[in-house]
1. Among the residues that make up segment A:266-274, is at least one of them out of contact with any Ser or Thr (no Cβ under 7 Å at 6 or more places or on another chain) and assigned to a loop (DSSP other than H, G, I, E, B)?
2. Could you check segment A:290-304 and list, in sequence order, the residues that are among the β-branched types (Val, Ile, Thr) and open to solvent by less than 10 Å² (accessible area, probe 1.4 Å)?
3. Show the residue pairs meeting these rules: Cβ distance below 7 Å; 6+ apart or different chains; first residue within segment B:137-156 and in contact (Cβ under 8 Å) with a residue 40 or more places away in the chain; second residue not in a helix (DSSP H, G or I).
4. If a residue counts only when it is of a type in the set (Lys, Arg) and without any contact (Cβ under 8 Å) to a residue 12 or more places away in the chain, which helices (runs of 4 or more DSSP H) contained entirely in segment A:526-566 have at least 2 such residues?
5. Within segment D:214-233, how many residues are within 14 Å of residue D:319 (Cα to Cα) and either among the hydroxyl-bearing types (Ser, Thr, Tyr) or in a helix (DSSP H, G or I) (or both)?
6. In segment D:146-159, what count of residues is obtained for those that are open to solvent by 40 Å² or more (accessible area, probe 1.4 Å) and either within 12 Å of another protein chain (Cβ to nearest Cβ) or farther than 25 Å from residue D:101 by Cα (or both)?
7. Which residue, of A:241, A:283, A:230, is part of a helix (DSSP H, G or I), crowded, with 24+ Cβ neighbours inside 10 Å and among the small types (Gly, Ala, Ser)?
8. Test residue C:106 against the criterion of being open to solvent by 20 Å² or more (accessible area, probe 1.4 Å), closer than 16 Å to residue B:170 by Cβ and more than 21 Å from the chain's Cα centre (by Cα), and give yes or no.
Amino acid sequence: MNPVLPVLIFALPVLSFGITVLIGRYFPLKGASVGILGLVVSFILSCVVFYQLQVDPTRTIDLSVTWLDFGEYTIDLGILIDRFAAVMLVVVTLVSLCVHIYSLGYMKGDRRFTTYYAYLSLFTMSMLGIVISNNLFQLFVFWELVGVSSYLLIGFWFERKPAAMAGMKAFVVCRIGDFGFLIGILSLFVATGTFSFGALFGLSQAGAISSAVLVVGALGIFFGAVGKSAQLPLYVWLPDAMEGPTPVSALIHAATMVAAGVYLVARTLPIFSTVPQIMEVVAWVGGLTALFSATIAVAQVDIKRILAYSTISQLGYMMLACGVGAGASAIFHLSTHAFFKALLFLGAGSVIHSLHTNDIREMGGLFSNMKTTATVFIIGALSLAGFPPFSGFFSKDEIMVSVLESGHVWLYWIVVFTAFLTAFYIFRLIFIAFFGEQSERSKHAEESPKVMTVPMVVLAVLSVVAGWIAIPGVGPGFAEIGGFELHHLHINWSAMGTSFLVVLMGIGVAWAIYSRRFVESRSIYNTFKPISKLLENKWYVDEIYNFFIVQPVIFFSRLLFAFDMVIVDGAVNLAGWLGVRLSKFEGEFDLAVVDGAVNGTAWTARTFGRAVRRIQTGLIQEYVIVASVAILALIIIGYYLM
Amino acid sequence: MTGLETEEILSAIVFYLLSGVVVGSSILVITLRNIFRSALFLLLAFFATAGLFITLDAEFIAAVQVLIYVGAIGVLILFAIMLTRRIQDPVAKSTTRSFILGAFVSAAFLFFLILILGKIYLPPFPETGADTEGITKGIGRMLLTYYLLPFEVVSVLLVGALIGAVVIARKEEARGGEPPEVALERERKDREITDSKPDGNGLEQNDRKH
Amino acid sequence: MIGSINILDILKPELICAIVRVTPTHYLYVAGIVFCIGLMGVMIRRNAIAILMSIELMLNAVNIVLIAGGRAYGPKTYDASSFVIFIIAVAAAEAIVGLALILAAYRHMKDINIDDMSIMKW
Amino acid sequence: MIAGWINSCYESIRNWWVACGIPLVWLDIIRAILLGIVLAIIVVVAVLILTYVERKVAGHFQSRMGPMRVGWHGLLQPIADAIKLIQKEDIVPEKADYWVFTLAPFVVFVPVMMVLVVIPFGDHLIVQDLNIGILYIFAVSGIGVVAILMGGWASNNKWSLLGAMRSVSQMVSYELPLILSVLGVVILAGTMSMGGIVEAQRKMWFIVYQPLGFIIYLFAATAEVNRVPFDLPEAEQEIVAGYNTEYSGMKFAMFYLAEYANMFIVSMIGATLFLGGWQGPLLPSPVWFLIKTGAMVFILLWFRWTFPRFRVDQLMDFGWKVLLPFAFINLLVTALVVII
């Protein structure tokens, strides 16, 4: 395959970022057209790359050019395009394209419309950069760029304090993870002298790296992934990131950026697989995150927050899949999740755009007024819940089977329970928001413009069909994505049955409580008051962090401040007082002795200078002559030494 | 004349002819009082140098030499002369005060340069001519691989020079949009003021005007 | 070669051969002469443009040296040619900026006499 | 066919020469001189015909007959004109710079003759197929600019000087798009040699791959030779006759000749680069070349009687803000396509 294609895929968003930032105003649609056009081409090229690799998996590209040469070490820039990356290219460009188009409607009339599109291009570019990198260093660069653009986009409406704070929170929390990531990368680099994936995989598989380094490296990389993919315990930034524009949430905080962590772990799975303990950690962190955030999602009332916690939960699934060694399942779920979660967010955005509220209690009966949005939302929800034959069913099933077959029974039951919770909370949302009585606001709800609904419909179709490629005989199968065997292509009927049953149960319970109202939800709330309170307040995690981390830091800072005020300032003041006294004395001395000396010096310098300044005539040619004479002298010396 | 082929004599004739033109017109460049004519001789020197390059099998460089030196730099110099001189400007004196000193120093320079060149040994030209097919290709490959960084730096330099030249040479119309006559008048006054202003640093006014 | 030679030696065939058979050193002499002429021009001319032209002559001399050397050390190396390209580019940049400066000075002083441009002292 | 005949003649002379024991170098020198004379004759004849054609075409564009008196349908008109020009008094203005003034008309002819060396007139009918052909053409054509400056300066006349400066700034500005438009062809052909470029068009003319390049070339070439609508340097109403205001007689004839020769040359280059050079079926190759050159010349004449003249600022705007960006785009796209 021609390496120009993937480079072009990456270069087009770079170009559109540059154009939009500099002269975007002058283009049609205030600059949006540049980004959209670039992405359309990128998307088509991605499809070409994907197709070519699907037809002939041996046409993988792995190219490097030396960027910095330190003699002993070299740092390379390079691209690595295999099936694995190709899937991501298609997913990223497609979702990004949908969001670009959708934003035309959603962001219409915004003051910084052009800037918004520039940020989107920047983000797309960095995400694609992550995907095509063939070494950890380059990946880290783009990783940070993703962080920056995420910060910019979350805080896009920075006039609102929560948005600005959320941007900062996301940035700082991610930095904590990135710190670990950096340690991991550097420890691997110090041990091996290379950043390249290929070389690192080879060395680690061959056992050429000591296990201590591998543990530190893998743990570090995983820590970075935890930060970016919002896993326990660094997930706290993601719900707050919902302060950004909703299409951004769809793009960054559902489909692509948060998936970067999963992509990273899946990409570096050959390193992880050499240290089973770390794999165990990854699996448990993923599983617990899935369960934990699903429980929180059950008790939320903000539509975007529900989706945010759901995202964390699904990311937990993916991480879990990585942890049990099923990288392909993780990527499969990542892709399907990208589609249906982006769809759900865009749907939520459509609702918010129309109702101007995030609170699901103020919605109700939206179905009659917003038929398209409601339909696609339900499709997304079914997919998220894992209802056959929607895409989520297949990908989630793959993960469940992987977990079951890897022998983690506890984790399996956690996953099953989470699946139940997932179905429950998402259908709770649907029954409250879209069915039942119409609320005041819902009565005036209007369907969003075409420019917003069309991308949703596209994503809806994909949410339905994207999973079918896993059905044996239907699609090409995800069997060998990235060289990971999806070793259980057979259908595990018992697992499938369990998950289906659980999903049905979840939907049923939600239906019973929120649609038929067999049981009043308020009474459940009161019965399990402590638990409900706990869930409603998100397990008080923010408060715990606040108490154990933020408050001590603030306290310590205050302490230092006080120290500063009393002791340091006192010392400074004392020194000042002493200085003044001393100066007074010195002043006397100065006038008499020093001035005399200075004047003497000045007099000497002036007399001398008067004599010397005649050399500086200001005539260039005399300077040239002097310089030439000097060179001539050198030449003569050289001649007689030669 | 033992051991000399006709080709050798001919190439010697060509060489001496071209270098005679180069050296002769260089001398004229620096001695002629009429600046326009000395610029024309400069172009002739460049052109003859291109001829020397061809005798050295560097056709590409020769073409570039003519293209850039004669076609661009030369024309630029002629332009500058046209903008700063009139044809009948009296040429009172074309040399500086330090004429004799300068001439002496450069003559000494030449003397020692020739002494040193007499000591330098360079291998005679290899028989096989340069592979004329590949010289353009070779230079191109060299510029875009081994010398890529200098190449980029030079392009940045050119852009910088271009912008700098525009900034320096453009008329100062930004000053409140006054018409040129007024601007000239004001400038003249400014200069008078500066000229007549005492130095202010307490040092006596000395050899400003020679 | 310039050293002490009997004037009659010039008639010897070996010497004639040595002068007629063109070697790289011949080119170096030409370049050296042109360089010194340029240097002299820089030192003695009053007109700023003439000085600029003299500088171009010096650069040109350097180009001759490079090309001759490159030819002498083998046809397969293009370093010398690449250098000459760079020199030409730099010379072009220098000419642009130099002439722009001269024009600006001319506008300011109504003359481009280097002797008069001596206000940049002490 | 023709080339074969010429070559066989040359071979026989050469054999005889070698038999006589005279070094071959002298033959080469004689050959070069002869070729120069032939080329000069070609130029003069071509220009004579061109002046006639121009006047005829102009006449017919304006529903006139054009020259009719001298010879059949005025065929001898150019010769009469030439005789008139030669007979005129050769005036050198008193305050002019005599040597520069006299030399300028000869210098203006240098590039004309030098460019002809690398033009492929037909199959193997090329004096010297340099492998840097196009670069060589652009390099030597820069000398023409110097000649114009010489003429304008030496006349010691403000109209001449202004005309020369206008003319030169125009030519320098349009040289960039001209070279850039041709670079597309160079990229496609993979060589700068004129013969090689003609060879590369054996399958398809480059005008098909480079339509934008061709259009840019056409505009820039028109400006290079100072033809309408880019004939500002000679705008009679504004600056009399430009740099050759003070010239008369033979010297004027030289400028005039060079101007038409240049027009002919850009047409030949255009025909070589974009229209497949001498290639064509049935007819002998020089005839095809003449036909294509004639077509280019006709387009230039057509321009003259179709477009009004540009204003100076419009001219510069058009060159720098329209032609140059498009030339860059053309070059970029060509390079990308060739790489992919």
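The values are calculated or read from the model by the stated rules, or taken from the named source; none is laboratory data. Computed from a predicted model, the values in this text were never measured in an experiment. Here the Cβ is made from the backbone with ideal geometry for all residues, glycine too, and neighbour counts use every protein chain on show. Note: areas computed on protein heavy atoms with side chains; ligands, DNA, RNA excluded. Shrake-Rupley method; radii C 1.70, N 1.55, O 1.52, S 1.80 Å.
1. Yes, some residue in segment A:266-274 is out of contact with any Ser or Thr (no Cβ under 7 Å at 6 or more places or on another chain) and assigned to a loop (DSSP other than H, G, I, E, B).
2. Taking segment A:290-304 as the starting set, the residues that turn out to be among the β-branched types (Val, Ile, Thr) are A:295-296, A:298, A:301, A:303.
Those that are among the β-branched types (Val, Ile, Thr) and open to solvent by less than 10 Å² (accessible area, probe 1.4 Å): A:296, A:303.
3. From segment B:137-156, the pairs are B:139/C:78.
4. Details: elements: A:529-536, A:541-545, A:551-563.
Answer list for segment A:526-566: A:529-536.
5. Residues meeting the conditions: 11.
6. Qualifying residue count for the region: 2.
7. A:241
8. It is true that residue C:106 is open to solvent by 20 Å² or more (accessible area, probe 1.4 Å), closer than 16 Å to residue B:170 by Cβ and more than 21 Å from the chain's Cα centre (by Cα).
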